[in-house]
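The values are calculated or read from the model by the stated rules, or taken from the named source; none is laboratory data. Because the structure is a prediction, the values reported are computed rather than measured. Here the Cβ is made from the backbone with ideal geometry for all residues, glycine too, and neighbour counts use every protein chain on show. Ligands, DNA and RNA are stripped out before the accessible areas are found, and what is left, the full protein with its side chains, is counted by its heavy atoms. Shrake-Rupley method; radii C 1.70, N 1.55, O 1.52, S 1.80 Å.
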Amino acid sequence: MPSRAAVTEASTPSGQIVTQAFIDGLLETPSTQQAIAIAFQRQMADDIDGLRAHLQSLSPLIQEATLYRLLSTPTRLDNPDWRTFLRDLSHQQPHFLLRHQQDGYWVTTPAFHYAAAARQQLNRYQHEQLTQELGMLLSYRQLVIADWVKPDGADYARRRDALVAMIGDYEANGLAYLAEQYLHDPRLLWLPDNAILAVLAEKTQHPELYARLWRRGTDAYSLEALHALKGQVSDSFSVSQMMAAARNPSLRDTAIRQLASLSPLPAPVADFLVAQLSLRQGDQVAQLLVEAGKGEWLTGLQAELGPLGRQHIASALSSR
């Protein structure tokens, strides 16, 4: 194997699979370092034409290595010519491949994935633009959620995530008009997930928003909102919301498990769980209480319950 100092672009033809040792050696050669330094200088000077000409003067291998290094750190994106350059790069296919082991398997990936790096730069620009627009709309109370995120829009996820992040960082008092939209704009019933509703409910602590969240189909966002309530068990509002979430069949086990883990059990929670024990699904409730270390409490309840409730308790206790 040649030493790192001896590695040059002539060592590898276009399209060949290279090793990590080869890449490391190539990046340390004076010619590669000089090519990268010139590229950074042209980019910082907004000399996009000069950068293009510089890259074209390089061999394909050094060109890809230079582009990858150039785009691996955040760059200025206020120049439209630079963004056009990035869009062109994002559609290109790197020629040089790296073969390496991952999780016990051999995988092949681009050695210098400059196209993916260009896409990341453009995504960052789009995120910054969305954040600026959102900030202005929120500050003037002009944001209409249903116009901002459209379920069938190609950029739905990007716009949704930007709004979720903004709501999470915004003052609760300033979000009241968004809460009203969620309660009165029927278009929002058709959003494909609970991301915006969940963060809005958590941030505003609006009971009607939580009620709507628990009635919708369960997804990762509603489960995350339910888990967040567990960290606020000293708050009677949070406890009441966990009990309300238990009415949703797909949230029921999670909600009851959280309630059963409370120690001591608040009186409203104890009454709620006792009522649940006498239902057809009471066997699951009894089992969750046993798992939460409430076996003695269950034993003391048997005299208060009917035959079905006592049967659920006996079955759960016998499984200890």
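Among the residues making up the stretch 157-176, those that are in contact with a Leu (Cβ under 8 Å, 6 or more places away or on another chain) and either among the hydrophobic types (A, V, I, L, M, F, W, C) or closer than 12 Å to THR204 by Cβ (or both) are ALA162, LEU163, MET166, ILE167, TYR170, GLY174, LEU175. In the stretch 261-276, the residues that are polar (S, T, N, Q) form Cβ pairs under 8 Å with partners that are open to solvent by less than 50 Å² (accessible area, probe 1.4 Å), at six or more places apart or across chains, as follows: SER261/ALA292; GLN276/ALA246; GLN276/ILE256; GLN276/GLY282; GLN276/VAL285.
Within the stretch 18-32, residues that are under 14 Å from GLN63 (Cα atoms) and crowded, with 19+ Cβ neighbours inside 10 Å have Cβ atoms under 6 Å from residues that are modelled with pLDDT under 90 and of a type in the set (Lys, Arg) in no pair, counting only partners at least 6 apart in sequence or on another chain. Out of everything in the stretch 50-61 that is of a type outside the set (Ser, Thr, Tyr) and at pLDDT 95 or above, what residue ends up being surrounded by the fewest Cβ atoms within 10 Å (Cβ to Cβ)? So the residue we want is GLN56. Of all residues in the stretch 243-250, none satisfies being more than 24 Å from the chain's Cα centre (by Cα), modelled with pLDDT under 95, surrounded by 15 or more Cβ atoms within 10 Å (Cβ to Cβ) and not aromatic (Phe, Trp, Tyr).
Sort out which residues of the stretch 265-280 are under 35 Å from the mean Cα position of the chain (by Cα) and either farther than 20 Å from LEU317 by Cβ or part of a helix (DSSP H, G or I) (or both), and write them in order of number.
Pass one, the stretch 265-280, residues under 35 Å from the mean Cα position of the chain (by Cα): 265-266, 268-269, 272-273, 276.
Answer for the stretch 265-280, where residues must be under 35 Å from the mean Cα position of the chain (by Cα) and either farther than 20 Å from LEU317 by Cβ or part of a helix (DSSP H, G or I) (or both): PRO266, PRO268, VAL269, PHE272, LEU273, GLN276.
For the stretch 219-245, which positions are in a loop (DSSP other than H, G, I, E, B) and either closer than 21 Å to PRO192 by Cβ or charged (D, E, K, R) (or both)? Spell out how you get there, then give the answer.
Of the residues in the stretch 219-245, the ones in a loop (DSSP other than H, G, I, E, B) are 219, 231-235.
Of everything in the stretch 219-245, those that are in a loop (DSSP other than H, G, I, E, B) and either closer than 21 Å to PRO192 by Cβ or charged (D, E, K, R) (or both) turn out to be ASP219, ASP235.
Scan the stretch 64-117 for residues that are closer than 21 Å to ALA45 by Cβ, assigned to a loop (DSSP other than H, G, I, E, B) and in contact with a helix residue (DSSP H, G or I) (Cβ under 8 Å, 6 or more places away or on another chain) and the total you get is 6. For the stretch 118-143, the set of residues classified as assigned to a helix (DSSP H, G or I), open to solvent by less than 80 Å² (accessible area, probe 1.4 Å) and among the hydrophobic types (A, V, I, L, M, F, W, C) consists of ALA118, LEU122, LEU130, LEU134, LEU137, LEU138, listed by residue number.
Based on this model, can you work out whether ALA176 counts as part of a helix (DSSP H, G or I), within 22 Å of ASP235 (Cβ to Cβ) and either of a type in the set (Val, Ile, Thr) or modelled with pLDDT of 95 or more (or both)? Considered against the rule, which asks whether it is part of a helix (DSSP H, G or I), within 22 Å of ASP235 (Cβ to Cβ) and either of a type in the set (Val, Ile, Thr) or modelled with pLDDT of 95 or more (or both), ALA176 comes out as no.
Please determine whether any residue of the stretch 59-66 is over 27 Å from VAL107 (Cα atoms), within 35 Å of the chain's Cα centre (by Cα) and of a type in the set (Val, Ile, Thr). No, the conditions are met nowhere in the stretch 59-66. Residues of the stretch 291-307 that are more than 17 Å from PHE272 (Cβ to Cβ) and open to solvent by 70 Å² or more (accessible area, probe 1.4 Å): GLU291, GLU296, ALA303, PRO307.
The sole residue among VAL285, VAL290 that is of a type in the set (A, V, I, L, M, F, W, C) and closer than 25 Å to GLY217 by Cα is VAL285.
When you check ALA176 against the structure, is it open to solvent by 10 Å² or more (accessible area, probe 1.4 Å), of a type in the set (Gly, Ala, Ser) and under 24 Å from GLN142 (Cβ atoms), yes or no? Write out each step before concluding.
Working: open to solvent by 10 Å² or more (accessible area, probe 1.4 Å): yes; of a type in the set (Gly, Ala, Ser): yes; under 24 Å from GLN142 (Cβ atoms): yes.
So ALA176 passes the test.
Just to be sure before I move on: is GLN43 open to solvent by 80 Å² or more (accessible area, probe 1.4 Å) and part of a helix (DSSP H, G or I) in the structure I sent? So GLN43 fails the test.
For residues that are among the charged types (D, E, K, R), more than 23 Å from LEU134 (Cβ to Cβ) and not in a helix (DSSP H, G or I), tally how many sit in the stretch 190-218. Outline the logic, then answer.
Our first condition is that a residue be among the charged types (D, E, K, R); within the stretch 190-218, this holds for 193, 202-203, 208, 212, 215-216.
Right, trim to more than 23 Å from LEU134 (Cβ to Cβ) and you get 208, 215-216.
In the following step, the residues that additionally are not in a helix (DSSP H, G or I) were identified as 216.
Summing the residues that are among the charged types (D, E, K, R), more than 23 Å from LEU134 (Cβ to Cβ) and not in a helix (DSSP H, G or I) in the stretch 190-218 gives 1.
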